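Encoded as C-alpha coordinates, the structure appears first; notes follow it.
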Amino acid sequence: MILLHNSRLLVMPGLTRSLAGGVALGGEVPVHRLGFGAMRLTGEGIWGSPKNRQEAIAVLRRAVELDVNFIDTADSYGPNVSEELIAEALFPYPRGLVIATKGGWNRPGPDQWTHDATPSHLRAAVEGSLKRLRLERIDLYQLHIPDPSVPFEDSVGTLAQLKSEGKIRLIGLSNVTQEHIERARHIVPIVSVQNRYSFADREWDYVVDYCERNGIAFIPWFPLGAGRVAGEILNQVARAHQASPKQVALAWLLKRSPIMLPIPGTSSVKHLEENVATASLCLTDEEYEKLSQVPQLAATR
Ligand SMILES: NC(=O)c1ccc[n+]([C@@H]2O[C@H](COP(=O)([O-])OP(=O)(O)OC[C@H]3O[C@@H](n4cnc5c(N)ncnc54)[C@H](OP(=O)(O)O)[C@@H]3O)[C@@H](O)[C@H]2O)c1
(Lines give C-alpha, C1' and ligand atoms only; values in the text may rest on other atoms or scores of the structure.)
Protein backbone atom coordinates (compact mmCIF):
# COMPACT_ATOMS: atom_id res chain seq x y z
CA MET A 1 0.00 0.00 0.00
CA ILE A 2 1.40 3.40 -0.94
CA LEU A 3 0.47 6.34 1.26
CA LEU A 4 1.08 10.00 0.70
CA HIS A 5 2.07 11.65 3.96
CA ASN A 6 2.61 15.41 4.21
CA SER A 7 2.78 15.45 0.38
CA ARG A 8 5.65 12.93 0.54
CA LEU A 9 5.60 9.41 -0.76
CA LEU A 10 5.57 6.88 2.09
CA VAL A 11 5.00 3.15 1.89
CA MET A 12 3.64 0.80 4.54
CA PRO A 13 4.04 -1.89 5.75
CA GLY A 14 7.48 -2.53 4.27
CA LEU A 15 9.72 -3.93 1.60
CA THR A 16 8.31 -7.46 1.38
CA ARG A 17 5.38 -6.29 -0.71
CA SER A 18 7.22 -3.52 -2.56
CA LEU A 19 7.83 -3.37 -6.28
CA ALA A 20 11.61 -3.42 -6.04
CA GLY A 21 12.00 -7.16 -5.46
CA GLY A 22 15.31 -8.51 -4.30
CA VAL A 23 18.72 -9.87 -5.20
CA ALA A 24 20.23 -13.19 -4.17
CA LEU A 25 23.80 -12.60 -3.01
CA GLY A 26 26.01 -15.27 -4.56
CA GLY A 27 22.78 -16.88 -5.78
CA GLU A 28 22.17 -18.16 -2.24
CA VAL A 29 21.38 -15.31 0.18
CA PRO A 30 18.23 -13.38 -0.79
CA VAL A 31 17.85 -9.77 0.33
CA HIS A 32 15.31 -7.07 -0.46
CA ARG A 33 16.21 -4.05 -2.51
CA LEU A 34 16.74 -1.46 -0.62
CA GLY A 35 19.27 -2.02 2.14
CA PHE A 36 20.41 0.35 4.88
CA GLY A 37 23.85 1.99 5.19
CA ALA A 38 24.87 2.28 8.85
CA MET A 39 27.76 4.74 8.43
CA ARG A 40 25.69 7.80 9.35
CA LEU A 41 24.75 6.35 12.74
CA THR A 42 28.10 7.42 14.20
CA GLY A 43 29.28 10.85 15.38
CA GLU A 44 30.35 13.77 13.19
CA GLY A 45 33.08 12.92 10.66
CA ILE A 46 32.07 9.23 11.05
CA TRP A 47 33.84 9.42 14.40
CA GLY A 48 32.70 8.41 17.88
CA SER A 49 29.22 7.95 19.28
CA PRO A 50 26.12 9.43 17.66
CA LYS A 51 24.72 12.68 19.05
CA ASN A 52 21.38 10.94 19.58
CA ARG A 53 21.99 7.31 20.56
CA GLN A 54 18.30 6.51 21.11
CA GLU A 55 17.44 7.71 17.60
CA ALA A 56 20.28 5.63 16.13
CA ILE A 57 18.93 2.51 17.85
CA ALA A 58 15.39 3.42 16.76
CA VAL A 59 16.53 3.79 13.12
CA LEU A 60 17.99 0.27 13.10
CA ARG A 61 14.89 -1.26 14.72
CA ARG A 62 12.55 0.61 12.38
CA ALA A 63 14.59 -0.55 9.37
CA VAL A 64 14.02 -4.17 10.35
CA GLU A 65 10.30 -3.49 11.01
CA LEU A 66 10.09 -2.17 7.44
CA ASP A 67 11.60 -5.47 6.20
CA VAL A 68 15.05 -4.09 5.44
CA ASN A 69 17.16 -7.25 5.63
CA PHE A 70 20.50 -5.97 4.33
CA ILE A 71 22.56 -3.65 6.55
CA ASP A 72 25.92 -2.33 5.40
CA THR A 73 28.56 -1.29 7.91
CA ALA A 74 32.36 -1.32 8.43
CA ASP A 75 34.76 -1.68 11.34
CA SER A 76 36.02 1.84 10.58
CA TYR A 77 32.63 3.56 11.07
CA GLY A 78 33.16 5.14 14.46
CA PRO A 79 35.50 3.11 14.50
CA ASN A 80 33.58 0.12 15.93
CA VAL A 81 30.57 2.28 16.88
CA SER A 82 28.35 1.35 13.93
CA GLU A 83 28.90 -2.41 14.42
CA GLU A 84 28.33 -2.12 18.18
CA LEU A 85 25.08 -0.19 17.68
CA ILE A 86 23.79 -2.80 15.23
CA ALA A 87 24.36 -5.56 17.79
CA GLU A 88 22.89 -3.49 20.62
CA ALA A 89 19.76 -2.67 18.62
CA LEU A 90 19.12 -5.95 16.85
CA PHE A 91 20.80 -8.91 18.57
CA PRO A 92 19.51 -11.64 18.62
CA TYR A 93 19.10 -11.00 14.91
CA PRO A 94 15.86 -11.79 13.10
CA ARG A 95 16.01 -14.68 10.66
CA GLY A 96 17.18 -13.62 7.21
CA LEU A 97 18.91 -10.39 8.28
CA VAL A 98 22.21 -10.02 6.42
CA ILE A 99 24.86 -7.80 7.99
CA ALA A 100 27.58 -6.86 5.54
CA THR A 101 30.71 -5.37 7.03
CA LYS A 102 34.11 -4.31 5.67
CA GLY A 103 37.74 -4.03 6.63
CA GLY A 104 41.05 -2.79 5.29
CA TRP A 105 40.48 0.96 5.58
CA ASN A 106 40.97 2.41 9.04
CA ARG A 107 39.74 5.57 10.68
CA PRO A 108 42.42 7.07 12.94
CA GLY A 109 40.49 10.34 13.49
CA PRO A 110 37.48 12.35 12.26
CA ASP A 111 37.38 12.44 8.44
CA GLN A 112 40.69 10.56 8.15
CA TRP A 113 41.35 7.26 6.38
CA THR A 114 44.42 5.01 6.35
CA HIS A 115 44.97 1.81 4.38
CA ASP A 116 45.74 -1.54 5.94
CA ALA A 117 44.71 -4.59 3.95
CA THR A 118 47.67 -6.70 5.07
CA PRO A 119 46.77 -10.34 5.79
CA SER A 120 47.48 -9.92 9.52
CA HIS A 121 45.30 -6.82 9.79
CA LEU A 122 42.41 -8.37 7.83
CA ARG A 123 42.48 -11.45 10.08
CA ALA A 124 42.36 -9.26 13.19
CA ALA A 125 39.66 -7.07 11.61
CA VAL A 126 37.40 -10.06 10.88
CA GLU A 127 37.85 -11.35 14.46
CA GLY A 128 36.98 -7.87 15.79
CA SER A 129 33.84 -7.59 13.63
CA LEU A 130 32.70 -11.10 14.64
CA LYS A 131 33.02 -10.11 18.29
CA ARG A 132 31.32 -6.71 18.02
CA LEU A 133 28.49 -8.06 15.85
CA ARG A 134 28.17 -11.14 18.14
CA LEU A 135 28.28 -13.45 15.13
CA GLU A 136 29.96 -16.78 14.49
CA ARG A 137 30.12 -16.09 10.77
CA ILE A 138 29.81 -12.85 8.79
CA ASP A 139 27.34 -13.25 5.91
CA LEU A 140 29.11 -10.76 3.62
CA TYR A 141 32.61 -9.40 4.25
CA GLN A 142 33.89 -6.72 1.89
CA LEU A 143 37.44 -5.57 1.27
CA HIS A 144 36.84 -1.84 1.89
CA ILE A 145 39.44 -0.68 -0.65
CA PRO A 146 42.55 -2.18 -2.24
CA ASP A 147 45.68 -1.24 -0.29
CA PRO A 148 48.29 0.21 -2.68
CA SER A 149 51.14 -1.16 -0.57
CA VAL A 150 49.83 -4.74 -0.32
CA PRO A 151 49.52 -7.13 -3.29
CA PHE A 152 45.78 -7.25 -4.03
CA GLU A 153 45.92 -11.06 -4.32
CA ASP A 154 47.28 -11.27 -0.75
CA SER A 155 44.33 -9.29 0.64
CA VAL A 156 41.74 -11.28 -1.33
CA GLY A 157 43.57 -14.55 -0.61
CA THR A 158 43.30 -13.86 3.13
CA LEU A 159 39.55 -13.32 2.85
CA ALA A 160 39.30 -16.57 0.86
CA GLN A 161 41.12 -18.39 3.69
CA LEU A 162 38.80 -16.84 6.29
CA LYS A 163 35.87 -18.04 4.18
CA SER A 164 37.24 -21.58 4.09
CA GLU A 165 37.68 -21.40 7.88
CA GLY A 166 33.95 -20.60 8.17
CA LYS A 167 34.36 -17.05 9.51
CA ILE A 168 32.95 -15.42 6.37
CA ARG A 169 30.12 -16.76 4.23
CA LEU A 170 30.42 -14.53 1.14
CA ILE A 171 33.03 -12.05 -0.10
CA GLY A 172 32.55 -8.63 -1.68
CA LEU A 173 34.81 -5.82 -2.88
CA SER A 174 34.55 -2.04 -2.59
CA ASN A 175 36.13 0.87 -4.47
CA VAL A 176 37.46 -1.36 -7.25
CA THR A 177 37.86 -1.50 -11.02
CA GLN A 178 36.73 -4.34 -13.28
CA GLU A 179 40.32 -5.55 -13.36
CA HIS A 180 40.30 -5.94 -9.57
CA ILE A 181 37.06 -7.92 -9.72
CA GLU A 182 38.43 -10.23 -12.41
CA ARG A 183 41.67 -10.80 -10.50
CA ALA A 184 39.75 -11.53 -7.30
CA ARG A 185 37.41 -13.96 -9.06
CA HIS A 186 40.44 -16.09 -10.01
CA ILE A 187 40.89 -16.64 -6.26
CA VAL A 188 37.35 -16.82 -4.83
CA PRO A 189 33.75 -16.04 -5.90
CA ILE A 190 32.91 -12.35 -5.54
CA VAL A 191 29.23 -11.69 -4.83
CA SER A 192 29.08 -7.90 -4.52
CA VAL A 193 30.86 -4.69 -5.52
CA GLN A 194 30.37 -1.41 -3.65
CA ASN A 195 31.43 1.75 -5.52
CA ARG A 196 30.32 5.41 -5.56
CA TYR A 197 27.49 5.71 -8.07
CA SER A 198 24.33 7.68 -8.85
CA PHE A 199 22.39 8.88 -11.90
CA ALA A 200 24.66 11.94 -12.01
CA ASP A 201 27.90 10.16 -11.15
CA ARG A 202 28.50 7.39 -13.66
CA GLU A 203 32.21 6.69 -13.60
CA TRP A 204 31.43 3.07 -12.73
CA ASP A 205 28.76 2.41 -15.38
CA TYR A 206 30.96 -0.23 -16.99
CA VAL A 207 31.41 -1.98 -13.63
CA VAL A 208 27.62 -2.01 -13.10
CA ASP A 209 27.25 -3.63 -16.54
CA TYR A 210 30.00 -6.14 -15.75
CA CYS A 211 28.29 -7.01 -12.44
CA GLU A 212 24.94 -7.46 -14.17
CA ARG A 213 26.47 -9.82 -16.76
CA ASN A 214 28.10 -11.86 -14.00
CA GLY A 215 25.30 -11.96 -11.40
CA ILE A 216 27.22 -9.80 -8.91
CA ALA A 217 25.22 -7.36 -6.73
CA PHE A 218 26.24 -3.71 -7.20
CA ILE A 219 25.94 -1.62 -4.03
CA PRO A 220 26.11 2.10 -4.85
CA TRP A 221 27.32 4.45 -2.14
CA PHE A 222 26.55 8.17 -2.02
CA PRO A 223 23.43 7.57 -4.12
CA LEU A 224 22.19 11.19 -4.10
CA GLY A 225 23.38 13.01 -7.21
CA ALA A 226 24.74 16.53 -6.82
CA GLY A 227 25.05 19.63 -8.99
CA ARG A 228 22.72 22.27 -10.45
CA VAL A 229 21.61 20.38 -13.59
CA ALA A 230 20.95 17.23 -11.55
CA GLY A 231 18.99 19.29 -9.03
CA GLU A 232 16.75 20.93 -11.66
CA ILE A 233 15.77 17.63 -13.28
CA LEU A 234 15.40 15.79 -9.99
CA ASN A 235 13.03 18.44 -8.66
CA GLN A 236 10.91 18.28 -11.80
CA VAL A 237 10.49 14.49 -11.60
CA ALA A 238 10.02 14.61 -7.83
CA ARG A 239 7.12 17.07 -8.18
CA ALA A 240 5.40 14.78 -10.70
CA HIS A 241 5.45 11.91 -8.17
CA GLN A 242 4.89 13.99 -5.03
CA ALA A 243 8.17 12.47 -3.95
CA SER A 244 11.42 13.97 -2.66
CA PRO A 245 14.49 14.43 -4.91
CA LYS A 246 16.31 11.82 -2.83
CA GLN A 247 13.54 9.29 -3.49
CA VAL A 248 13.77 9.96 -7.22
CA ALA A 249 17.56 9.47 -7.19
CA LEU A 250 17.07 6.13 -5.42
CA ALA A 251 14.27 5.10 -7.80
CA TRP A 252 16.61 5.74 -10.75
CA LEU A 253 19.13 3.34 -9.22
CA LEU A 254 16.52 0.63 -8.73
CA LYS A 255 15.50 0.93 -12.38
CA ARG A 256 19.10 1.03 -13.63
CA SER A 257 19.72 -2.67 -13.04
CA PRO A 258 18.14 -5.65 -11.26
CA ILE A 259 21.46 -6.27 -9.49
CA MET A 260 21.48 -2.74 -7.97
CA LEU A 261 21.23 -2.80 -4.18
CA PRO A 262 21.13 0.79 -2.85
CA ILE A 263 22.00 1.36 0.82
CA PRO A 264 20.88 4.91 1.63
CA GLY A 265 22.20 5.99 5.00
CA THR A 266 20.49 8.15 7.58
CA SER A 267 20.43 8.89 11.29
CA SER A 268 16.73 9.76 11.27
CA VAL A 269 13.67 7.48 11.42
CA LYS A 270 11.71 9.93 9.27
CA HIS A 271 14.35 9.89 6.52
CA LEU A 272 14.61 6.10 6.76
CA GLU A 273 10.86 5.77 6.16
CA GLU A 274 11.09 8.10 3.16
CA ASN A 275 13.99 6.11 1.74
CA VAL A 276 12.28 2.74 2.18
CA ALA A 277 9.17 4.13 0.47
CA THR A 278 11.27 4.53 -2.65
CA ALA A 279 11.03 0.81 -3.26
CA SER A 280 7.47 1.45 -4.43
CA LEU A 281 8.28 4.43 -6.64
CA CYS A 282 8.34 3.58 -10.35
CA LEU A 283 9.83 6.11 -12.76
CA THR A 284 8.51 6.17 -16.32
CA ASP A 285 10.98 5.25 -19.07
CA GLU A 286 10.99 8.91 -20.12
CA GLU A 287 11.86 10.13 -16.62
CA TYR A 288 14.56 7.50 -16.34
CA GLU A 289 16.13 8.61 -19.65
CA LYS A 290 15.98 12.28 -18.70
CA LEU A 291 17.87 11.58 -15.47
CA SER A 292 20.31 9.29 -17.29
CA GLN A 293 21.32 12.18 -19.52
CA VAL A 294 22.36 14.43 -16.64
CA PRO A 295 26.13 13.73 -16.90
CA GLN A 296 26.18 14.74 -20.62
CA LEU A 297 23.90 17.75 -20.02
CA ALA A 298 26.05 18.94 -17.12
CA ALA A 299 29.16 18.69 -19.32
CA THR A 300 27.65 20.91 -22.02
CA ARG A 301 26.26 23.68 -19.76
N1 LIG B 1 32.42 1.62 0.45
C2 LIG B 1 32.68 2.86 0.71
O3 LIG B 1 33.80 3.36 0.53
C4 LIG B 1 31.58 3.73 1.25
C5 LIG B 1 31.74 5.12 1.32
C6 LIG B 1 30.69 5.89 1.82
C7 LIG B 1 29.53 5.26 2.23
N8 LIG B 1 29.41 3.90 2.17
C9 LIG B 1 28.17 3.21 2.59
O10 LIG B 1 27.12 3.75 1.84
C11 LIG B 1 26.07 4.20 2.71
C12 LIG B 1 25.39 5.40 2.07
O13 LIG B 1 26.34 6.41 1.76
P14 LIG B 1 26.30 7.89 2.35
O15 LIG B 1 25.73 7.86 3.75
O16 LIG B 1 27.61 8.48 2.13
O17 LIG B 1 25.36 8.63 1.36
P18 LIG B 1 23.81 8.87 1.22
O19 LIG B 1 23.04 7.72 1.73
O20 LIG B 1 23.60 9.31 -0.18
O21 LIG B 1 23.57 10.17 2.09
C22 LIG B 1 23.47 10.22 3.43
C23 LIG B 1 23.14 11.67 3.78
O24 LIG B 1 21.86 11.98 3.27
C25 LIG B 1 21.00 12.38 4.33
N26 LIG B 1 19.70 11.72 4.07
C27 LIG B 1 19.43 10.40 4.03
N28 LIG B 1 18.14 10.18 3.74
C29 LIG B 1 17.57 11.41 3.60
C30 LIG B 1 16.26 11.85 3.31
N31 LIG B 1 15.26 10.98 3.09
N32 LIG B 1 16.03 13.18 3.23
C33 LIG B 1 17.04 14.06 3.43
N34 LIG B 1 18.31 13.71 3.71
C35 LIG B 1 18.56 12.39 3.81
C36 LIG B 1 21.63 11.89 5.61
O37 LIG B 1 21.40 12.81 6.66
P38 LIG B 1 20.43 12.42 7.89
O39 LIG B 1 21.24 11.53 8.79
O40 LIG B 1 20.10 13.72 8.50
O41 LIG B 1 19.24 11.73 7.32
C42 LIG B 1 23.11 11.89 5.25
O43 LIG B 1 23.69 13.14 5.51
C44 LIG B 1 26.80 4.48 4.03
O45 LIG B 1 25.95 4.46 5.13
C46 LIG B 1 27.81 3.37 4.06
O47 LIG B 1 27.22 2.18 4.55
C48 LIG B 1 30.42 3.16 1.68
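Provide the FRET efficiency to the nearest 0.05 for the His186-Arg95 pair, computing r from the beta carbons and using R0 = 45 Å.
Numbers: r = 34 Å, r/R0 = 0.76.
The computed FRET efficiency comes out at 0.85.
Under a 1.4 Å probe, what is the accessible area of the stretch 237-301 per residue, stated in Å²? Could you put the intermediate results ahead of the total?
Working: 2670 Å² over 65 residues.
Computed with neighbouring chains in place, this is 41 Å² per residue.
Local charge sum around Asp67 (other residues, Cβ-Cβ under 13 Å, Lys/Arg +1, Asp/Glu -1)? Each step should come with its number before you reach the end.
On the way: positive: Arg17, Arg33, Arg61, Arg62, Arg95; negative: Glu65, Glu273.
For residues surrounding Asp67, the net value is +3.
So, counting K/R as plus one and D/E as minus one, what does the shell of residues with Cβ under 12 Å around Thr284 add up to? Don't skip to the answer; put the middle values down first.
Details: positive: Lys255, Lys290; negative: Asp285, Glu286, Glu287, Glu289.
Around Thr284, the charge tally is -2.
Once the whole set of protein chains is in place, how much accessible area is left on Glu212, using a 1.4 Å probe, in Å² to the nearest 10?
Probe radius 1.4 Å; accessible area of Glu212 about 80 Å².
Largest first, how would Cys211, Cys282 line up by accessible area (1.4 Å probe)? Write down the numbers at each step before the final one.
On the way: Cys211 0, Cys282 90 Å².
Reading off the accessible areas and sorting them downward yields Cys282, Cys211.
Put Asp67, Asp154 in order of accessible area, largest first, 1.4 Å probe: what do you get? Don't skip to the end; give the middle numbers.
On the way: Asp67 45, Asp154 70 Å².
Heavy-atom accessible area, descending, gives Asp154, Asp67.
Using a 1.4 angstrom probe with every protein chain in place, what is the largest-first accessible-area order of Met39, Met260?
Details: Met39 50, Met260 0 Å².
Accessible-area ranking of Met39, Met260, largest first: Met39, Met260.
Would you mind telling me which residue in Gln161, Gln54, Gln142 has the biggest mean-square fluctuation in a Gaussian network model of the chain, where springs connect alpha carbons within a distance under 10 angstrom?
The residue with the greatest mean-square fluctuation here is Gln54.
Residues with beta-carbon under 11 Å from that of Ser18, excluding Ser18: net charge, scoring Lys, Arg +1 and Asp, Glu -1?
Details: positive: Arg17, Arg33; negative: Asp67.
Charge balance near Ser18 sits at +1.
At a 1.4 Å probe radius, carbon and sulfur cover how many percent of the accessible area of the stretch 31-97? Display every interim value, and only then the final one.
Numbers: 1240 of 2650 Å².
Carbon and sulfur: 47 percent of the exposed surface of the stretch 31-97.
Restricting to bridges with both residues inside the stretch 14-171, how much of the DSSP beta-bridge set is antiparallel, in percent to the nearest 5?
Values: 6 of 19 bridges.
Among the beta bridges of the stretch 14-171, antiparallel pairing accounts for roughly 30 percent.
Where only protein heavy atoms count, and the probe is 1.4 Å, what is the accessible area per residue for the stretch 133-204 in Å²? The partial results should precede the final answer.
On the way: 2820 Å² over 72 residues.
Value returned for the stretch 133-204: 39 Å² of accessible area per residue.
If I histogram all Cα-Cα distances within the stretch 82-204 using bins 10 Å wide from 0, what percent of pairs lands in each bin?
Per 10 Å bin, starting at zero, the Cα-Cα P(r) for the stretch 82-204 comes out as 13, 43, 34, 10, 0 percent.
What is the percent carbon and sulfur in the accessible area of the stretch 153-301, measuring with a 1.4 Å probe over the protein chains and ignoring ligands?
Numbers: 3060 of 6070 Å².
The value for the stretch 153-301 is 50 percent carbon and sulfur by accessible area.
At 10 °C and 1.306 mPa s, grab the translational diffusion coefficient of the chain from Stokes-Einstein with a Kirkwood Rh over Cα pairs, rounded to a whole number in µm² per second. Kindly include the intermediate steps, with their values, before the conclusion.
Details: Rh = 19.4 Å.
Approximately 82 µm²/s, per Stokes-Einstein.
Out of the DSSP beta bridges found with both residues in the stretch 164-301, what percent are antiparallel (nearest 5)?
On the way: 1 of 10 bridges.
In the stretch 164-301, approximately 10 percent of DSSP beta bridges are antiparallel ones.
With all protein chains present, calculate the accessible area of His115 using a 1.4 Å probe and round the result to the nearest 10 Å².
Accessible area of His115: about 80 Å².
Go ahead and set up a Gaussian network model of the chain, Cα springs under 10 Å, then flag whichever of Arg132, Arg61, Arg213 fluctuates most.
Arg213
Per-residue ellipticity at 222 nm for the chain, helices alone: DSSP H runs ≥ 4 residues times -39500 (n - 2.57), over residue total, nearest 500 deg cm²/dmol? Spell out each step's value before the answer.
Working: 11 runs with 119 residues, N = 301.
One gets -12000 deg cm²/dmol as the mean residue ellipticity at 222 nm.
Which percent, to the nearest 5, of DSSP beta bridges fully inside the chain are antiparallel? Could you put the intermediate results ahead of the total?
Values: 11 of 36 bridges.
Taking every DSSP beta bridge within the chain, about 30 percent pair in antiparallel fashion.
Would you kindly find the accessible area of Lys163, with a 1.4 Å probe and non-protein molecules such as ligands, DNA and RNA excluded, rounding to the nearest 10 Å²?
Accessible surface of Lys163 is approximately 70 Å².
The values are calculated or read from the model by the stated rules, or taken from the named source; none is laboratory data. Bear in mind the structure is a predicted one, so any value in this text is a computation, not a measurement. No Cβ is skipped: glycine too gets one built from the backbone with ideal geometry, and neighbour counts run over all protein chains shown. Just so you know, the surface numbers come from the protein's heavy atoms only, side chains and all, with ligands and any DNA or RNA stripped out. Shrake-Rupley method; radii C 1.70, N 1.55, O 1.52, S 1.80 Å.
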